[in-house]
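Colleague: First the structure, then my questions, so here it is.
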Amino acid sequence: MKLYDGGVYLVNEREIIADTADAAAQLQSKAGCAPAKEEAKKGTLAYHILEEHNTSGNMDELQIKFDKLTSHDITFVGIIQTARASGLERFPIPYVLTNCHNSLCAVGGTINEDDHMFGLSCAKKYGGVYVPPHQAVIHQYAREMLAGAGKMILGSDSHTRYGALGTMAMGEGGPELVKQLLSQTYDIKMPGVVAVYLKGSLKPGVGPQDVAIALIGEVFDKGYVKNKVMEFVGPGVANLSVDTRIGIDVMTTETTCLSSIWSTDDKVKEWYDIHGRSAEYKELHPAAVSYYDGCIEIDLDEIEPMIAMPFHPSNAYTIRELNANLMDILDDCEKRAKVSFNGAVDLNLKEKVRNGRLYVDQGIIAGCAGGGFENICDAADILSGASIGPDEFTLSVYPASMPVYMELVKNGAAAKIMQTGAILKTAFCGPCFGAGDTPSNNGFSIRHSTRNFPNREGSKVQSGQIASVALMDARSIAATAANKGYLTAATDFDVNYSKPKYFFDKTIYENRVYDSKGEAHPEEPIKLGPNIKDWPAMSALTDNLLLKVVSEIHDPVTTTDELIPSGETSSYRSNPLGLAEFTLSRKDPDYVPRAKEVQKAEKARIAGENPVEALAELEEIMNTVKSSFATAGTDNTGIGSTIFAVKPGDGSAREQAASCQKVLGGWANIANEYATKRYRSNLINWGMLPFIIPQGDLPFANGDYIWVPEIRKAVEEKADEITAYAVKDGKLQEFKMTLGDLTDDEREIILKGCLINYNRVS
């Protein structure tokens, strides 16, 4: 795999010319023309699709309107509640509500099914589509029923990626979907576009997850594609099946890119034909000469079976390399665990080594990444006639939709898998985020799913429970299962892959999915279960801020799973105050009580009472502030909490990673950088200031107060730099922060306190 140091020109989707001094001469020779760089940038697929959806008239400052929206059942309640509070009357574009996360209805009494009934009633009232539990995971339904070449889809799940079908899709926090529901726009600067140039062909036994893990391992730490669009081109595209392209594409989220898009061909046309939506196909190719801001060149011939070891998809090794250096790599993972879990528990992976080989406790093939038809059919061919054995090892397979499941039953693949002792389950995302198939303590799971962050599989470090996940392709998981749990690459098996043709039958959806066809029924009542709560009132930004640092995190990256855990906490996603109790619970259990203590003072201030009576330590702090800022007072100073994290926000799009902090009185985050645009957008949409501070020694520590004078004025006047002060030992110690780029609307959202306030209809 090769990463180019600078930009490149792509000629006829076949030849790469680096952006060097003689590029023009090479272009003239190869293409017969040498367009200017700015003109050649317009030749990318990404530019063309973004231009068609941009409403600003300015391709440097985009204001995008999407064609369709999609959400699942741990996000759609909060989104619709926010939109309702802002004046929602009907869904202005197709909006699909799937129920693939909180599907089990086994945690928290009636909570999960109440959320589902809320979704169904809202689909009826506002004119949406409702996909009941166990019918399809969100992204498979979108591929089968929503995607269209040249279209754009916005989803409230971070793995909203349909680029392999020619659809530019983005995963964002809920407030960005609220804006679309209110006929507003998605505002971003024109992103950079990076070519992913594919050549060669995959060896038998090598699958999409192997390509994805190799790619993520190469680019993640370098930030090579952060907030950019990845555009898959080159002769190797034609050598991949559409299912393989989909499997690679969905994992691009883990590179921290903004979105993805692929050139399309007859294979994609056939895919649309099979799904009865031929009209949605369009041939997409970059211009004869197109310019990219970077290029990743991948020789598919060289891709081997891969494994992403705990605790990130970028912790990538070939299975061959892992087996050759087993104890050293396992030791490294254990050291990472000590850092990640602050020594609270001991992860012992080395005890998994038996007779020199790594023994795995669990295999799972599931969800939007692993549950595709081709993945499961290839796994079935590997498992044909095998037994997974009666020991600890278990194997579960979750087809991504009921149409996929039904075809696996018809062609016999389901029987091949089930006779091994493996279990076939329904379309459910649970294993991906910790709401199903949690291993035993110190268990080691291999999964063809999207993530392997700490706690992602459902263990609870605060209760002394620890397990871990490695990511692998379905084929190597099947090979490991055929070897009864001993880690094995699929290329070690000589298999005749049957590659059965897929036949899509949408009868299941016609019989079970509620589709309003865009017709709203305002008279329909909304069903509100007792756990579904409105968002609490939120204050506008005050003239000044007094912030107490209530958590300080120095991990290189902090995931949204660490900010607000997934798993069983998802049952409370419809209850802002209930969910907030879990904030940072698996990373910093003291965060919630600290934040609530500070919030007492702000609640007293808003009520017109003396905040010092609610929080006695404020008296000394305010006296120190007033010694230099005489006009500072509780009438013009908001009191709240903040956290510092080096690089927060990797992973999920879930808005609750920010909103839970806001609900607990958070006014800001302070970071060296933000891992993703979507997390930073979530902060802004919940009225929180996304402060950036340069790397180096911090001028404050956990428990310190920070005085930020005239912050409202700084936001209004677009100040390049924010002057703040650490309140220490009776003195104010000055330091500088920035807010990064903010659109005028984002500034107004922050000034008004949150997106709800910005849109609220009086």
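Colleague: Restricting to helices (runs of 4 or more DSSP H) lying wholly in the stretch 634-737: which have 3 or more residues that are touching a strand residue (DSSP E or B) at 6+ places or on another chain (Cβ under 7 Å)?
Modeller: Counting at least 3 such residues, we get 677-685.
Colleague: Let me ask something additional. If you go through the stretch 13-32 one residue at a time, do you hit one that is touching a Phe, Trp or Tyr at 6+ places or on another chain (Cβ under 9 Å), polar (S, T, N, Q), farther than 30 Å from N757 by Cα and not in a helix (DSSP H, G or I)?
Modeller: no
Colleague: Check whether at least one residue in the stretch 685-706 is free of Cβ contacts under 8 Å to residues at least 60 places away in the same chain and on the phi > 0 side of the Ramachandran plot, and report yes or no.
Modeller: Yes.
Colleague: Any idea which residue in the stretch 720-748 is farthest from V646 (Cα to Cα), counting only those that are among the hydrophobic types (A, V, I, L, M, F, W, C) and in contact with a Ser or Thr (Cβ under 9 Å, 6 or more places away or on another chain)?
Modeller: Among those that are among the hydrophobic types (A, V, I, L, M, F, W, C) and in contact with a Ser or Thr (Cβ under 9 Å, 6 or more places away or on another chain), it is L732.
Colleague: Here is a check on your reading of the model: is K203 charged (D, E, K, R), out of contact with any strand residue (DSSP E or B) (no Cβ under 8 Å at 6 or more places or on another chain) and surrounded by fewer than 22 Cβ atoms within 10 Å (Cβ to Cβ)?
Modeller: Against the criterion (charged (D, E, K, R), out of contact with any strand residue (DSSP E or B) (no Cβ under 8 Å at 6 or more places or on another chain) and surrounded by fewer than 22 Cβ atoms within 10 Å (Cβ to Cβ)), K203 qualifies.
Colleague: Filtering the stretch 391-413 down to residues that are over 23 Å from R512 (Cβ atoms) and in contact with a Gly (Cβ under 9 Å, 6 or more places away or on another chain), which residue is surrounded by the fewest Cβ atoms within 10 Å (Cβ to Cβ)?
Modeller: The residue in question is D391.
Colleague: Can you tell which of G696, G687 is closer than 25 Å to T70 by Cα and either surrounded by fewer than 24 Cβ atoms within 10 Å (Cβ to Cβ) or at pLDDT 95 or above (or both)?
Modeller: Sole residue among the options that is closer than 25 Å to T70 by Cα and either surrounded by fewer than 24 Cβ atoms within 10 Å (Cβ to Cβ) or at pLDDT 95 or above (or both): G687.
Colleague: Another one. Among the candidates L349, L322, single out the residue that is outside the structural domain of K499 (by TED's automatic domain parsing) and either buried (at least 17 other Cβ atoms within 10 Å of the Cβ) or touching a residue at least 24 places away in the same chain (Cβ under 8 Å) (or both).
Modeller: It is L322.
Colleague: Hey, can you tell me all the residues within the stretch 729-747 that are over 31 Å from the mean Cα position of the chain (by Cα) and at positive phi?
Modeller: Listed by number, the residues that qualify are D729, G730.
Colleague: Can we say I423 is surrounded by 24 or more Cβ atoms within 10 Å (Cβ to Cβ) and not charged (D, E, K, R)?
Modeller: Here the answer is no, as I423 does not meet what is asked.
Colleague: Those residues that are of a type in the set (V, I, T) and surrounded by 24 or more Cβ atoms within 10 Å (Cβ to Cβ), I need them from the stretch 352-381; list them, please.
Modeller: V360, I364, I365, I376, listed by residue number.
Colleague: A follow-up question, please. From N483, N452, N442, N511, grab the single residue that is buried (at least 17 other Cβ atoms within 10 Å of the Cβ) and free of Cβ contacts under 8 Å to residues at least 24 places away in the same chain.
Modeller: The match here is N483.
Colleague: Going residue by residue through the stretch 119-130, is there one that turns out to be part of a helix (DSSP H, G or I), within 16 Å of L258 (Cα to Cα) and not acidic (D, E)?
Modeller: no
Colleague: Taking interchain pairs and intrachain pairs at least six residues apart, which have beta carbon atoms under 6 angstrom, with the first residue in the stretch 238-267 and in the same structural domain as Y186 (by TED's automatic domain parsing) and in a helix (DSSP H, G or I) and the second among the charged types (D, E, K, R) and surrounded by fewer than 24 Cβ atoms within 10 Å (Cβ to Cβ)?
Modeller: A238/D265; V242/K267; D243/E374
Colleague: Which residue is surrounded by the most Cβ atoms within 10 Å (Cβ to Cβ), if the candidates are limited to the stretch 155-200 and must be aromatic (F, W, Y) and under 19 Å from the mean Cα position of the chain (by Cα)?
Modeller: This residue is Y162.
Colleague: Here is a follow-up. Does K728 satisfy the condition of being at pLDDT 95 or above and not assigned by TED's automatic domain parsing to the domain that holds Y224?
Modeller: Against the criterion (at pLDDT 95 or above and not assigned by TED's automatic domain parsing to the domain that holds Y224), K728 does not qualify.
Colleague: Anything in the stretch 602-626 that is in contact with a strand residue (DSSP E or B) (Cβ under 8 Å, 6 or more places away or on another chain) and more than 16 Å from D704 (Cα to Cα)? List them, or say none.
Modeller: Hits for the stretch 602-626 are E602, R605, P611.
Colleague: How many of the residues in the stretch 89-107 are within 21 Å of Q656 (Cα to Cα) and either crowded, with 20+ Cβ neighbours inside 10 Å or modelled with pLDDT of 90 or more (or both)?
Modeller: Here the count works out to 9.
Colleague: Let me ask another. Go through the stretch 609-633 and count every residue that is in a helix (DSSP H, G or I) and surrounded by fewer than 17 Cβ atoms within 10 Å (Cβ to Cβ).
Modeller: Count: 5.
Colleague: If you go through the stretch 496-512 one residue at a time, do you hit one that is more than 30 Å from G128 (Cβ to Cβ) and aliphatic (A, V, I, L, M)?
Modeller: Within the stretch 496-512, not a single residue is more than 30 Å from G128 (Cβ to Cβ) and aliphatic (A, V, I, L, M).
Colleague: Next up: What number of residues within the stretch 516-560 satisfy the criterion of being part of a loop (DSSP other than H, G, I, E, B), assigned by TED's automatic domain parsing to the domain that holds N636 and touching a Pro at 6+ places or on another chain (Cβ under 7 Å)?
Modeller: Residues flagged as part of a loop (DSSP other than H, G, I, E, B), assigned by TED's automatic domain parsing to the domain that holds N636 and touching a Pro at 6+ places or on another chain (Cβ under 7 Å) within the stretch 516-560 amount to 0.
The values are calculated or read from the model by the stated rules, or taken from the named source; none is laboratory data. This structure is a prediction, so every number in the text was calculated from the model and none was measured. Heads up, the Cβs are rebuilt from the backbone with ideal geometry, glycines too, and the neighbour counts pull from every protein chain shown.
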